[in-house]
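Here the structure is laid out as C-alpha coordinates; the discussion comes afterwards.
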Amino acid sequence: MTIDALPRGMIRAATLNGTEAHQGYMPGFGNDFETEALPGALPQGQNSPQKCPYGLYAEQLSGTAFTAPRGQNERTWCYRIRPSVKHVGRFTKIELPYWESAPNVDPDIISLGQYRWDPVPHKDGESLTWLTGMRTMTTAGDVNTQVGMAAHIYLVTESMVDEYFFSADSELLVVPQQGRLRFCTELGVIDLEPREIAIIPRGLVYRVEVLEGPARGFVCENYGQKFDLPGRGPIGANCLANPRDFKCPVAAFEDRDARSRVVIKWCGQFHESFIDHSPLDVVAWHGNYCAYKYDLRTYSPVGAILFDHPDPSIFTVLTAPSGQEGTANIDFVLFRERWMVAEHSFRPPWYHKNIMSEMMGNIHGIYDAKPQGFVPGGTSLHNMMLPHGPDRDAFEHGSTEPMVPVKQDNTMQFMFETRFPQQLTRFAATEAPLQDDYADCWQSLEKKFDGTPEGK
(Lines give C-alpha, C1' and ligand atoms only; values in the text may rest on other atoms or scores of the structure.)
Protein backbone atom coordinates (compact mmCIF):
# COMPACT_ATOMS: atom_id res chain seq x y z
CA MET A 1 0.00 0.00 0.00
CA THR A 2 1.53 3.31 -1.02
CA ILE A 3 2.08 6.06 1.56
CA ASP A 4 0.62 8.91 -0.48
CA ALA A 5 2.45 11.65 1.38
CA LEU A 6 5.88 10.29 0.62
CA PRO A 7 7.89 11.78 -2.25
CA ARG A 8 9.13 10.09 -5.41
CA GLY A 9 6.45 7.42 -5.26
CA MET A 10 8.62 4.37 -4.66
CA ILE A 11 8.14 3.89 -0.90
CA ARG A 12 5.58 1.28 0.07
CA ALA A 13 4.07 0.60 3.49
CA ALA A 14 3.23 -2.78 4.94
CA THR A 15 -0.17 -4.08 5.90
CA LEU A 16 -0.87 -6.03 9.06
CA ASN A 17 -3.56 -8.71 8.80
CA GLY A 18 -4.96 -6.96 5.75
CA THR A 19 -5.33 -3.59 7.52
CA GLU A 20 -2.84 -0.77 7.27
CA ALA A 21 -0.93 -0.40 10.52
CA HIS A 22 -1.99 2.55 12.66
CA GLN A 23 -0.12 5.53 11.18
CA GLY A 24 2.42 3.08 9.78
CA TYR A 25 3.72 2.02 13.20
CA MET A 26 3.76 -1.05 15.43
CA PRO A 27 3.61 -0.62 19.23
CA GLY A 28 5.97 -1.91 21.88
CA PHE A 29 9.49 -1.35 23.20
CA GLY A 30 11.84 -4.30 22.73
CA ASN A 31 9.24 -6.39 20.93
CA ASP A 32 10.12 -8.92 18.27
CA PHE A 33 8.39 -7.48 15.21
CA GLU A 34 7.70 -8.81 11.75
CA THR A 35 6.52 -6.71 8.82
CA GLU A 36 6.51 -6.91 5.03
CA ALA A 37 5.87 -4.33 2.34
CA LEU A 38 4.97 -6.96 -0.29
CA PRO A 39 2.77 -9.97 0.46
CA GLY A 40 4.78 -13.11 1.13
CA ALA A 41 8.13 -11.31 1.16
CA LEU A 42 8.90 -12.47 4.70
CA PRO A 43 10.08 -16.12 4.91
CA GLN A 44 8.28 -18.17 7.52
CA GLY A 45 9.81 -20.82 9.75
CA GLN A 46 13.43 -19.95 8.98
CA ASN A 47 15.68 -16.94 8.62
CA SER A 48 17.83 -17.79 5.61
CA PRO A 49 16.14 -19.97 2.99
CA GLN A 50 18.10 -21.14 -0.02
CA LYS A 51 16.04 -18.79 -2.17
CA CYS A 52 14.12 -15.85 -0.71
CA PRO A 53 10.79 -14.67 -2.15
CA TYR A 54 10.94 -12.00 -4.88
CA GLY A 55 14.63 -12.72 -5.43
CA LEU A 56 15.54 -10.87 -2.22
CA TYR A 57 18.73 -11.28 -0.21
CA ALA A 58 18.59 -12.37 3.45
CA GLU A 59 20.87 -10.37 5.74
CA GLN A 60 21.18 -10.02 9.50
CA LEU A 61 21.76 -6.66 11.19
CA SER A 62 23.19 -7.30 14.67
CA GLY A 63 22.98 -4.61 17.34
CA THR A 64 24.72 -6.70 20.00
CA ALA A 65 27.32 -9.43 20.11
CA PHE A 66 26.07 -12.80 18.87
CA THR A 67 26.42 -14.24 22.37
CA ALA A 68 24.82 -11.42 24.35
CA PRO A 69 22.36 -12.72 26.97
CA ARG A 70 18.98 -13.58 25.54
CA GLY A 71 17.19 -10.65 27.19
CA GLN A 72 19.75 -8.21 25.77
CA ASN A 73 20.42 -9.84 22.40
CA GLU A 74 19.22 -7.66 19.53
CA ARG A 75 19.21 -8.44 15.84
CA THR A 76 16.97 -8.02 12.82
CA TRP A 77 16.75 -10.17 9.71
CA CYS A 78 16.33 -8.05 6.58
CA TYR A 79 15.10 -9.18 3.17
CA ARG A 80 16.45 -6.67 0.72
CA ILE A 81 16.83 -6.00 -2.98
CA ARG A 82 20.64 -5.84 -2.72
CA PRO A 83 22.92 -6.91 0.14
CA SER A 84 24.52 -4.11 2.14
CA VAL A 85 27.92 -4.76 0.60
CA LYS A 86 26.45 -3.18 -2.55
CA HIS A 87 25.50 -0.04 -0.61
CA VAL A 88 29.07 1.17 -0.16
CA GLY A 89 32.10 1.36 -2.42
CA ARG A 90 35.50 2.92 -1.82
CA PHE A 91 35.64 5.25 1.19
CA THR A 92 36.95 8.81 1.11
CA LYS A 93 37.48 10.90 4.23
CA ILE A 94 35.39 14.05 4.54
CA GLU A 95 35.10 16.78 7.13
CA LEU A 96 32.03 17.76 9.11
CA PRO A 97 33.84 20.24 11.34
CA TYR A 98 30.95 21.05 13.66
CA TRP A 99 30.25 17.40 14.54
CA GLU A 100 32.78 16.41 17.22
CA SER A 101 33.41 13.13 19.03
CA ALA A 102 35.01 12.27 22.36
CA PRO A 103 37.72 12.51 23.43
CA ASN A 104 37.68 16.18 22.50
CA VAL A 105 39.45 18.12 25.24
CA ASP A 106 40.49 21.59 24.09
CA PRO A 107 43.26 22.89 26.38
CA ASP A 108 42.17 26.49 25.78
CA ILE A 109 38.56 25.92 26.94
CA ILE A 110 37.41 25.71 30.55
CA SER A 111 34.66 23.10 30.87
CA LEU A 112 34.51 23.45 34.65
CA GLY A 113 31.57 25.65 35.55
CA GLN A 114 27.86 26.20 35.20
CA TYR A 115 26.92 27.23 31.66
CA ARG A 116 23.75 28.25 29.86
CA TRP A 117 23.06 29.08 26.23
CA ASP A 118 20.27 30.83 24.36
CA PRO A 119 18.83 28.92 21.38
CA VAL A 120 21.33 28.47 18.57
CA PRO A 121 19.77 30.64 15.82
CA HIS A 122 19.15 29.91 12.18
CA LYS A 123 21.14 32.26 9.98
CA ASP A 124 19.39 33.97 7.07
CA GLY A 125 19.99 32.16 3.80
CA GLU A 126 21.96 29.32 5.37
CA SER A 127 21.20 25.94 3.79
CA LEU A 128 21.79 23.05 6.21
CA THR A 129 21.02 19.34 6.06
CA TRP A 130 20.97 16.83 8.91
CA LEU A 131 24.72 16.34 8.39
CA THR A 132 25.94 19.88 7.84
CA GLY A 133 23.57 21.31 10.47
CA MET A 134 24.81 19.24 13.43
CA ARG A 135 26.48 21.37 16.11
CA THR A 136 28.24 19.53 18.95
CA MET A 137 27.98 21.24 22.34
CA THR A 138 29.69 18.73 24.64
CA THR A 139 31.45 15.37 24.51
CA ALA A 140 32.17 12.82 27.24
CA GLY A 141 34.02 9.52 27.40
CA ASP A 142 35.67 7.94 24.38
CA VAL A 143 34.00 6.96 21.11
CA ASN A 144 36.76 4.41 20.40
CA THR A 145 36.11 2.41 23.57
CA GLN A 146 32.34 2.87 23.22
CA VAL A 147 31.70 4.71 26.48
CA GLY A 148 30.18 8.13 27.01
CA MET A 149 28.19 10.44 24.77
CA ALA A 150 27.99 13.72 22.91
CA ALA A 151 25.28 16.38 23.07
CA HIS A 152 24.37 18.22 19.87
CA ILE A 153 22.06 20.90 18.55
CA TYR A 154 20.74 20.31 15.03
CA LEU A 155 19.73 23.05 12.60
CA VAL A 156 18.07 21.70 9.44
CA THR A 157 16.61 23.73 6.57
CA GLU A 158 16.98 21.34 3.62
CA SER A 159 16.15 17.70 2.95
CA MET A 160 18.86 15.19 2.13
CA VAL A 161 18.44 14.31 -1.57
CA ASP A 162 20.07 11.11 -2.85
CA GLU A 163 22.14 11.22 0.32
CA TYR A 164 22.13 8.74 3.20
CA PHE A 165 23.87 8.36 6.54
CA PHE A 166 24.65 5.84 9.22
CA SER A 167 26.73 5.93 12.37
CA ALA A 168 28.88 2.96 13.33
CA ASP A 169 29.78 4.83 16.52
CA SER A 170 26.50 5.31 18.26
CA GLU A 171 22.75 5.35 18.50
CA LEU A 172 21.08 8.76 18.31
CA LEU A 173 18.32 10.04 20.57
CA VAL A 174 16.61 12.89 18.69
CA VAL A 175 14.57 15.53 20.57
CA PRO A 176 12.86 18.05 18.23
CA GLN A 177 12.19 21.58 19.48
CA GLN A 178 11.08 23.33 16.28
CA GLY A 179 9.87 22.07 12.89
CA ARG A 180 9.04 18.57 11.67
CA LEU A 181 11.37 15.96 10.18
CA ARG A 182 10.96 12.65 8.36
CA PHE A 183 13.47 9.84 8.92
CA CYS A 184 13.36 7.46 5.95
CA THR A 185 15.22 4.43 7.29
CA GLU A 186 16.03 0.98 6.01
CA LEU A 187 13.33 -0.44 8.27
CA GLY A 188 10.56 2.12 7.68
CA VAL A 189 9.55 5.76 7.95
CA ILE A 190 9.35 7.89 11.12
CA ASP A 191 7.75 11.33 11.14
CA LEU A 192 8.87 13.42 14.09
CA GLU A 193 7.66 16.66 15.68
CA PRO A 194 8.27 18.60 18.92
CA ARG A 195 7.25 16.73 22.09
CA GLU A 196 8.21 13.46 20.41
CA ILE A 197 11.57 11.69 20.35
CA ALA A 198 13.18 9.13 18.05
CA ILE A 199 15.85 6.53 18.71
CA ILE A 200 17.97 5.69 15.64
CA PRO A 201 20.14 2.62 16.31
CA ARG A 202 23.79 2.20 15.50
CA GLY A 203 24.40 1.02 11.92
CA LEU A 204 20.94 1.82 10.52
CA VAL A 205 21.00 3.68 7.19
CA TYR A 206 18.61 6.61 6.80
CA ARG A 207 17.84 9.89 5.06
CA VAL A 208 16.37 12.97 6.81
CA GLU A 209 13.79 15.15 5.06
CA VAL A 210 12.23 18.42 6.18
CA LEU A 211 8.44 18.31 6.50
CA GLU A 212 8.17 21.71 8.14
CA GLY A 213 11.15 23.98 8.55
CA PRO A 214 13.38 25.39 9.61
CA ALA A 215 13.94 22.63 12.15
CA ARG A 216 15.92 22.76 15.37
CA GLY A 217 16.36 20.26 18.16
CA PHE A 218 18.68 18.31 20.39
CA VAL A 219 20.56 15.04 19.89
CA CYS A 220 22.15 12.73 22.43
CA GLU A 221 24.75 10.55 20.73
CA ASN A 222 25.16 7.41 22.82
CA TYR A 223 28.50 5.65 22.36
CA GLY A 224 27.77 2.96 24.93
CA GLN A 225 25.16 0.27 25.57
CA LYS A 226 21.76 0.88 24.01
CA PHE A 227 19.02 2.87 25.66
CA ASP A 228 16.58 0.76 27.61
CA LEU A 229 13.57 1.37 29.82
CA PRO A 230 14.58 1.87 33.46
CA GLY A 231 13.63 -0.65 36.10
CA ARG A 232 10.59 0.53 38.03
CA GLY A 233 11.43 -1.19 41.33
CA PRO A 234 8.62 -0.75 43.87
CA ILE A 235 6.67 1.43 41.40
CA GLY A 236 5.65 -1.82 39.74
CA ALA A 237 4.39 -2.55 36.25
CA ASN A 238 2.96 0.83 35.18
CA CYS A 239 3.73 4.54 34.78
CA LEU A 240 6.85 6.39 33.66
CA ALA A 241 7.38 5.41 29.98
CA ASN A 242 5.11 2.49 29.14
CA PRO A 243 6.43 0.06 26.49
CA ARG A 244 3.24 0.16 24.39
CA ASP A 245 3.73 3.87 23.66
CA PHE A 246 6.95 3.31 21.72
CA LYS A 247 6.20 2.96 18.00
CA CYS A 248 8.31 1.11 15.47
CA PRO A 249 7.72 1.78 11.74
CA VAL A 250 6.35 -0.84 9.40
CA ALA A 251 8.47 -2.01 6.47
CA ALA A 252 8.95 0.43 3.60
CA PHE A 253 11.41 0.35 0.72
CA GLU A 254 12.75 2.22 -2.29
CA ASP A 255 13.62 0.53 -5.57
CA ARG A 256 15.25 3.47 -7.31
CA ASP A 257 18.36 3.89 -9.42
CA ALA A 258 20.13 7.19 -8.86
CA ARG A 259 23.67 8.24 -8.02
CA SER A 260 23.63 8.36 -4.24
CA ARG A 261 26.05 9.48 -1.56
CA VAL A 262 26.39 7.39 1.60
CA VAL A 263 28.11 9.05 4.58
CA ILE A 264 29.43 6.91 7.45
CA LYS A 265 30.56 8.01 10.91
CA TRP A 266 33.20 5.58 12.16
CA CYS A 267 35.52 6.08 15.17
CA GLY A 268 34.73 9.78 15.21
CA GLN A 269 35.67 10.28 11.56
CA PHE A 270 33.42 10.79 8.55
CA HIS A 271 33.71 9.04 5.20
CA GLU A 272 31.68 9.12 2.00
CA SER A 273 31.00 6.47 -0.59
CA PHE A 274 29.03 6.69 -3.86
CA ILE A 275 26.65 4.08 -5.26
CA ASP A 276 24.15 4.01 -8.14
CA HIS A 277 20.92 3.29 -6.21
CA SER A 278 19.00 3.94 -3.02
CA PRO A 279 20.18 1.76 -0.10
CA LEU A 280 16.71 1.87 1.53
CA ASP A 281 15.72 -1.41 -0.10
CA VAL A 282 14.51 -3.65 2.77
CA VAL A 283 11.20 -5.13 1.56
CA ALA A 284 10.52 -7.18 4.71
CA TRP A 285 12.11 -7.70 8.11
CA HIS A 286 11.69 -9.35 11.46
CA GLY A 287 13.55 -8.84 14.72
CA ASN A 288 14.01 -6.55 17.71
CA TYR A 289 16.75 -4.16 16.52
CA CYS A 290 14.97 -1.18 15.00
CA ALA A 291 14.21 2.53 15.21
CA TYR A 292 11.47 3.91 17.45
CA LYS A 293 9.50 7.04 18.08
CA TYR A 294 7.90 8.00 21.38
CA ASP A 295 5.41 10.73 22.26
CA LEU A 296 6.65 12.49 25.40
CA ARG A 297 3.07 13.49 26.18
CA THR A 298 2.37 9.85 27.07
CA TYR A 299 5.01 9.87 29.81
CA SER A 300 3.26 9.31 33.16
CA PRO A 301 5.32 11.02 35.89
CA VAL A 302 5.42 9.73 39.44
CA GLY A 303 6.26 11.98 42.39
CA ALA A 304 5.79 12.78 46.07
CA ILE A 305 2.15 12.91 47.17
CA LEU A 306 2.70 13.93 50.79
CA PHE A 307 6.04 15.62 51.50
CA ASP A 308 9.59 16.18 50.20
CA HIS A 309 11.00 16.19 46.68
CA PRO A 310 12.27 12.90 45.18
CA ASP A 311 15.53 12.59 43.27
CA PRO A 312 15.21 13.66 39.60
CA SER A 313 15.92 10.04 38.62
CA ILE A 314 12.21 9.44 39.25
CA PHE A 315 11.65 11.18 35.88
CA THR A 316 13.88 8.85 33.82
CA VAL A 317 12.42 7.96 30.41
CA LEU A 318 15.33 5.91 29.05
CA THR A 319 18.64 4.76 30.47
CA ALA A 320 21.82 3.45 28.87
CA PRO A 321 23.71 1.38 31.44
CA SER A 322 27.40 1.50 32.20
CA GLY A 323 29.61 -1.17 33.68
CA GLN A 324 28.75 0.04 37.18
CA GLU A 325 25.32 -1.04 38.39
CA GLY A 326 22.98 1.86 39.06
CA THR A 327 25.30 4.42 37.47
CA ALA A 328 24.22 5.20 33.93
CA ASN A 329 26.33 5.91 30.91
CA ILE A 330 23.37 8.16 30.01
CA ASP A 331 19.96 8.85 31.52
CA PHE A 332 17.34 10.66 29.48
CA VAL A 333 15.13 12.50 32.00
CA LEU A 334 11.91 14.44 31.32
CA PHE A 335 10.33 17.26 33.32
CA ARG A 336 6.82 17.68 31.95
CA GLU A 337 3.45 18.96 33.17
CA ARG A 338 2.61 17.57 36.61
CA TRP A 339 0.84 18.37 39.86
CA MET A 340 2.85 19.67 42.84
CA VAL A 341 1.09 18.63 46.05
CA ALA A 342 3.79 18.02 48.68
CA GLU A 343 2.97 19.60 52.04
CA HIS A 344 5.38 21.73 54.17
CA SER A 345 8.04 21.04 51.51
CA PHE A 346 10.32 23.03 49.24
CA ARG A 347 8.89 21.99 45.86
CA PRO A 348 11.42 23.22 43.27
CA PRO A 349 14.55 21.13 42.72
CA TRP A 350 16.79 21.47 45.75
CA TYR A 351 20.41 22.64 45.75
CA HIS A 352 22.82 19.85 45.05
CA LYS A 353 26.01 18.63 43.41
CA ASN A 354 26.48 15.07 42.29
CA ILE A 355 28.63 12.57 40.43
CA MET A 356 26.63 12.97 37.21
CA SER A 357 26.98 15.70 34.58
CA GLU A 358 23.71 17.27 33.45
CA MET A 359 23.04 18.78 30.03
CA MET A 360 19.52 20.22 30.01
CA GLY A 361 17.36 21.48 27.15
CA ASN A 362 14.08 23.38 27.11
CA ILE A 363 11.49 22.13 24.59
CA HIS A 364 8.82 24.62 25.62
CA GLY A 365 7.56 26.57 28.61
CA ILE A 366 9.12 27.72 31.88
CA TYR A 367 11.36 25.59 34.09
CA ASP A 368 10.44 25.95 37.77
CA ALA A 369 14.03 26.17 39.05
CA LYS A 370 14.97 28.87 36.52
CA PRO A 371 11.92 31.02 35.68
CA GLN A 372 14.12 33.55 33.86
CA GLY A 373 16.73 33.01 31.15
CA PHE A 374 16.20 29.32 30.36
CA VAL A 375 14.09 29.75 27.23
CA PRO A 376 12.69 27.18 24.73
CA GLY A 377 15.51 25.98 22.51
CA GLY A 378 18.08 26.90 25.15
CA THR A 379 20.49 24.56 26.93
CA SER A 380 22.42 24.48 30.19
CA LEU A 381 25.30 22.42 31.57
CA HIS A 382 26.00 21.61 35.21
CA ASN A 383 29.10 19.48 35.17
CA MET A 384 30.19 16.72 37.53
CA MET A 385 30.41 17.85 41.19
CA LEU A 386 29.50 21.44 40.32
CA PRO A 387 26.83 22.84 42.70
CA HIS A 388 23.61 24.16 41.21
CA GLY A 389 19.97 24.71 42.02
CA PRO A 390 17.22 27.35 42.01
CA ASP A 391 18.02 31.00 41.40
CA ARG A 392 16.90 33.60 43.94
CA ASP A 393 13.43 34.16 42.50
CA ALA A 394 12.73 30.41 42.39
CA PHE A 395 14.04 29.96 45.93
CA GLU A 396 11.97 32.81 47.34
CA HIS A 397 8.84 31.56 45.58
CA GLY A 398 9.40 27.98 46.70
CA SER A 399 10.01 29.11 50.29
CA THR A 400 6.86 31.18 50.59
CA GLU A 401 4.28 29.72 48.18
CA PRO A 402 0.98 28.52 49.70
CA MET A 403 0.98 24.78 50.36
CA VAL A 404 -1.95 24.05 48.05
CA PRO A 405 -1.99 21.79 44.98
CA VAL A 406 -0.49 23.60 41.97
CA LYS A 407 -0.12 22.29 38.46
CA GLN A 408 3.15 22.83 36.65
CA ASP A 409 1.57 23.50 33.28
CA ASN A 410 2.79 24.34 29.77
CA THR A 411 6.28 23.07 30.48
CA MET A 412 8.61 20.42 29.05
CA GLN A 413 12.34 20.19 29.66
CA PHE A 414 14.74 17.27 29.52
CA MET A 415 18.17 16.24 30.70
CA PHE A 416 21.00 14.22 29.12
CA GLU A 417 22.78 13.01 32.25
CA THR A 418 26.02 11.02 32.19
CA ARG A 419 28.49 9.61 34.70
CA PHE A 420 31.33 11.26 32.73
CA PRO A 421 32.40 14.93 32.79
CA GLN A 422 31.20 16.76 29.70
CA GLN A 423 33.80 18.74 27.79
CA LEU A 424 32.74 21.89 25.95
CA THR A 425 33.49 22.08 22.25
CA ARG A 426 35.00 25.17 20.68
CA PHE A 427 31.61 25.85 19.08
CA ALA A 428 29.87 25.82 22.47
CA ALA A 429 32.52 28.05 24.01
CA THR A 430 33.01 30.59 21.23
CA GLU A 431 30.17 30.51 18.66
CA ALA A 432 27.00 29.35 20.41
CA PRO A 433 25.05 32.13 22.21
CA LEU A 434 26.55 31.60 25.67
CA GLN A 435 25.00 33.57 28.52
CA ASP A 436 28.11 35.05 30.13
CA ASP A 437 26.20 36.12 33.23
CA TYR A 438 24.51 32.77 33.96
CA ALA A 439 26.69 31.95 36.98
CA ASP A 440 25.64 35.29 38.50
CA CYS A 441 22.05 34.07 38.95
CA TRP A 442 23.02 32.74 42.41
CA GLN A 443 24.97 35.81 43.56
CA SER A 444 21.90 37.57 44.94
CA LEU A 445 21.06 34.67 47.27
CA GLU A 446 21.13 36.13 50.76
CA LYS A 447 22.55 34.89 54.01
CA LYS A 448 19.47 34.11 56.08
CA PHE A 449 21.15 32.61 59.12
CA ASP A 450 20.56 34.82 62.15
CA GLY A 451 21.13 32.47 65.07
CA THR A 452 17.46 31.97 65.88
CA PRO A 453 15.47 28.77 65.26
CA GLU A 454 12.95 30.59 63.08
CA GLY A 455 15.58 32.16 60.81
CA LYS A 456 14.68 35.01 58.52
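Data overview
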| quantity | calculated |
| --- | --- |
| Orientation-averaged projected area, Cα convex hull of the stretch 141-208 (nm²) | 4.9 |
| Separation of the residue 238 and residue 106 label points, Cα + 7 Å toward Cβ, nm | 5.0 |
| Efficiency of FRET between residue 259 and residue 446 - r from beta-carbon atoms, R0 56 angstrom, step 0.05 | 0.25 |
| Inverse mean reciprocal Cα-Cα distance (Kirkwood Rh) of the stretch 341-456, Å | 16.0 |
| Approximate spin-label separation residue 436-residue 385, in nm, with each point projected 7 Å along Cα-to-Cβ | 3.0 |
| Local electrostatic count, residue 311, Cβ distance below 13 Å [Lys/Arg +1, Asp/Glu -1] | -4 |
| Convex hull volume per residue for the stretch 292-351, taking Cα atoms only, in Å³ | 104 |
| Cross-link table 51/293; 123/407; 265/293; 247/353, entries beyond 30 Å C-alpha to C-alpha | 51/293; 123/407; 247/353 |
| Charge tally in the Cβ shell below 13 Å around residue 80, where Lys, Arg are +1 and Asp, Glu are -1, residue 80 excluded | -4 |
| Sum of -39500 (n - 2.57) over DSSP H runs of 4+, divided by residues of the chain (222 nm, nearest 500) | -500 deg cm²/dmol |
| Of all accessible heavy-atom area on the chain, the percent that carbon and sulfur account for (1.4 Å) | 52 |
| Net length gained if the chain between residue 364 and residue 302 were fully extended (0.36 nm per residue, minus Cα distance) | 20.3 nm |
| Average accessible area per residue (Å²) across the stretch 325-456 - probe 1.4 Å, nucleic acids and ligands excluded | 48 |
| Whole-percent pair-distance distribution, where bins are 20 Å wide, for the alpha carbons of the chain | 24, 55, 19, 2, 0 |
| Residues of type lysines that residue 447 reaches as a straight line, Cα spacing below 17 Å, ignoring anything fewer than 8 places off in the same chain | 456 |
| Simple spin-label estimate for residue 327 and residue 60 in nanometres, 7 Å along Cα-Cβ | 3.4 |
| Loop-resident sites, the stretch 338-402, for GluC sites (Glu not before Pro), counting at most 13 other Cβ within 10 Å (DSSP) | 343 |
| The stretch 247-405: Rg to Rh, with Rh as the Kirkwood radius over Cα pairs | 1.10 |
| Relative packing of 59-66, 444-451, 209-216, which averages over residues the other C-beta atoms within 10 Å, highest first | 209-216, 59-66, 444-451 |
| Value of Rg to Rh for the stretch 73-206 (Rh from inverse mean 1/r over Cα pairs, i.e. Kirkwood) | 0.97 |
| Highest-first arrangement of 323-336, 68-81, 126-139, where packing means the average Cβ count within 10 Å | 126-139, 323-336, 68-81 |
| Rule-of-thumb Rg ratio for the stretch 212-264 [Cα; 2.2 N^0.38 Å; N residues] | 1.84 |
| Added length on full extension, which subtracts the Cα-Cα distance from 0.36 nm per residue, residue 90 to residue 162 | 24.2 nm |
| Order by protection proxy (mean Cβ within 10 Å, highest first), peptides 402-409, 414-421 | 414-421, 402-409 |
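The values are calculated or read from the model by the stated rules, or taken from the named source; none is laboratory data. Computed from a predicted structure; not experimentally measured. Reconstructed Cβ throughout: ideal geometry from the backbone, glycine too, with neighbour counts over all protein chains shown. When the accessible area is computed, the model is the full protein with side chains, heavy atoms only, and any ligands, DNA or RNA have been set aside. Shrake-Rupley method; radii C 1.70, N 1.55, O 1.52, S 1.80 Å.
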